[in-house]
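> First the structure, which I've put down as structure tokens, then a few questions once you've had a look.
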Amino acid sequence: MNNEKQLLKFQTFQQLHKRPYTFVLPNAWDVISAKIFEKNGFPAIATTSAGIAMSLGYNDGEKIPFEQMLGAVKRIINSVNIPVSVDLESGYGRSTNEVVDNTRQIILAGGIGINLEDGTGDLDSPILDVSLQVEKISEIRLLSKSLKAPLFINARTDLYWLNTGDPDLRLQEAINRGKAYQKAGADCIFIPGLYDMESIKKVRQELSCPINLLSGPNLPSINTLSQVGIERISTGSAPFRATATLLQRITEDILYDNNFQRLMNDNMSYDAITELIGTPE
């Protein structure tokens, strides 16, 4: 861990949330996706847990062993010069201590931020009790201070994403959780699945910290969200899925139409890809 370099990356990442307009944070799943995002001008990237897991043969939802996830994250962090925030899902641990230890490994690997969600993966109890999530966030904040390594905590509530609980109470519950997570040490509140403009405005009015939304077909435009004061939009697994979709269509073209046109259309050359990867240091 290079404390000076990590501090500069953290400060860069933090400042992105203070701009007067919404910024987009793309989610990478491997070195090539991370480098493409960096080369084309994104000032920071995050990882996608779904993209990493699925590219390695696992489904999303912490099905991949943490060591394999960490290995992919390290390769991504070491391949770019811009800040990298890591999708830690719910922490890859049964206890707060395990989650804190996993976060320590992310920090030591050079990650300057994490996503930490309150979804449990348990159909009977899909959202973690708020007090337990607050405990996780508080302990992670203490860890960051003890390591003298700043960490941008993006606390995610899955109430809308999982479509759980009483719909009439969901908005207020999301706001209440956001306030509790911020008080515990979160820097930003992430509410994937929140697309209704009036609800977005209400959240903006109620929360004093930066707000992160997830891209989607029903999300208002970037310009509209900028006017409301939303700081950040994440792409989530969409770029990974778009890539898989293109491969699916290429496969169908070859198998069913004996056609290579889509495969060969506007491809990056072998030399361009080689140059993008570069020489390992």
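Every read-out reported here was derived from the displayed coordinates using simple, explicitly stated rules and does not represent laboratory data. What you see is a predicted model; the values in this text were computed from it and never measured. Neighbour counts run over all protein chains shown; Cβ positions are idealised from the backbone, glycine included.
> Kindly indicate which of Leu151, Leu116, Leu88 is touching a strand residue (DSSP E or B) at 6+ places or on another chain (Cβ under 8 Å) and either of a type in the set (D, E, K, R) or within 20 Å of Ala238 (Cβ to Cβ) (or both).
Leu88
> Here's something else I'd like to know. Which one of Leu143, Leu171 is crowded, with 18+ Cβ neighbours inside 10 Å, in contact with a helix residue (DSSP H, G or I) (Cβ under 6 Å, 6 or more places away or on another chain) and at negative phi? First the steps, then the outcome.
Details: Leu143 fails: crowded, with 18+ Cβ neighbours inside 10 Å.
Being crowded, with 18+ Cβ neighbours inside 10 Å, in contact with a helix residue (DSSP H, G or I) (Cβ under 6 Å, 6 or more places away or on another chain) and at negative phi holds for just one of Leu143, Leu171, which is Leu171.
> Would a scan of the range 220-232 turn up a residue that is surrounded by fewer than 18 Cβ atoms within 10 Å (Cβ to Cβ), free of Cβ contacts under 8 Å to residues at least 24 places away in the same chain, small (Gly, Ala, Ser) and farther than 27 Å from Asp124 by Cβ?
Yes, some residue in the range 220-232 is surrounded by fewer than 18 Cβ atoms within 10 Å (Cβ to Cβ), free of Cβ contacts under 8 Å to residues at least 24 places away in the same chain, small (Gly, Ala, Ser) and farther than 27 Å from Asp124 by Cβ.
> Among the candidates Ala53, Ala44, single out the residue that is over 22 Å from Gly278 (Cα atoms), of a type in the set (A, V, I, L, M, F, W, C) and within 17 Å of the chain's Cα centre (by Cα). Let's see the steps before the verdict.
Details: Ala44 fails: over 22 Å from Gly278 (Cα atoms).
Among Ala53, Ala44, only Ala53 is over 22 Å from Gly278 (Cα atoms), of a type in the set (A, V, I, L, M, F, W, C) and within 17 Å of the chain's Cα centre (by Cα).
> Counting only residues that are aliphatic (A, V, I, L, M) and free of Cβ contacts under 8 Å to residues at least 60 places away in the same chain, which one in the range 51-66 is surrounded by the most Cβ atoms within 10 Å (Cβ to Cβ)?
Initial filter on the range 51-66 (aliphatic (A, V, I, L, M)): 52-54, 56, 64.
Those left that are additionally free of Cβ contacts under 8 Å to residues at least 60 places away in the same chain: 52-53, 56, 64.
Values: Ile52: 27, Ala53: 25, Leu56: 15, Ile64: 23.
The residue in question is Ile52.
> Take Phe42 and decide whether it is assigned to a loop (DSSP other than H, G, I, E, B) and among the aromatic types (Phe, Trp, Tyr).
Values: assigned to a loop (DSSP other than H, G, I, E, B): yes; among the aromatic types (Phe, Trp, Tyr): yes.
In short, yes.
> Just need a number here: residues in the range 71-89 that are surrounded by fewer than 20 Cβ atoms within 10 Å (Cβ to Cβ) and farther than 19 Å from Leu7 by Cα.
The qualifying residues number 2.
> Mind listing just one residue for me: the one in the range 190-213 that is over 23 Å from Gln133 (Cα atoms) and assigned to a loop (DSSP other than H, G, I, E, B) and, of those, farthest from the chain's Cα centre (by Cα)?
Going through the qualifying residues, I end up with Asp196.
> To continue, here is another question. Take the residues in the range 151-168 that are in contact (Cβ under 8 Å) with a residue 60 or more places away in the chain and out of contact with any Asp or Glu (no Cβ under 6 Å at 6 or more places or on another chain), then tell me which one is nearest to Gly193 (Cα to Cα).
Asn154
> Of the residues that make up the range 75-85, is at least one outside any loop (DSSP other than H, G, I, E, B), closer than 21 Å to Ile277 by Cβ and in contact with a Pro (Cβ under 6 Å, 6 or more places away or on another chain)? Steps first, answer last, please.
So the first thing to find is which residues in the range 75-85 are outside any loop (DSSP other than H, G, I, E, B), and the list is 75-79, 84-85.
If we keep only those that are closer than 21 Å to Ile277 by Cβ as well, we get 75-79, 84.
Going one step further and asking which of them are in contact with a Pro (Cβ under 6 Å, 6 or more places away or on another chain), we end up with none.
The answer is no; no qualifying residue exists.
> Quick one: is Gly216 of a type outside the set (Phe, Trp, Tyr) and assigned to a loop (DSSP other than H, G, I, E, B)?
Numbers: of a type outside the set (Phe, Trp, Tyr): yes; assigned to a loop (DSSP other than H, G, I, E, B): yes.
It is true that Gly216 is of a type outside the set (Phe, Trp, Tyr) and assigned to a loop (DSSP other than H, G, I, E, B).
> Still on this structure, please answer the following. Here are some conditions: (1) free of Cβ contacts under 8 Å to residues at least 60 places away in the same chain; (2) loosely packed, with under 14 Cβ neighbours inside 10 Å. Pro20 meets all but one. Which one does it not meet?
(1)
> State all residues of the range 56-74 that are in contact with a Ser or Thr (Cβ under 7 Å, 6 or more places away or on another chain) and either in a strand (DSSP E or B) or under 18 Å from Ile277 (Cα atoms) (or both); if no residue qualifies, say none.
Val73
> Restricting to the range 90-124, what's the tally of residues that are surrounded by fewer than 24 Cβ atoms within 10 Å (Cβ to Cβ), in a loop (DSSP other than H, G, I, E, B) and of a type outside the set (A, V, I, L, M)?
Final tally of qualifying residues: 12.
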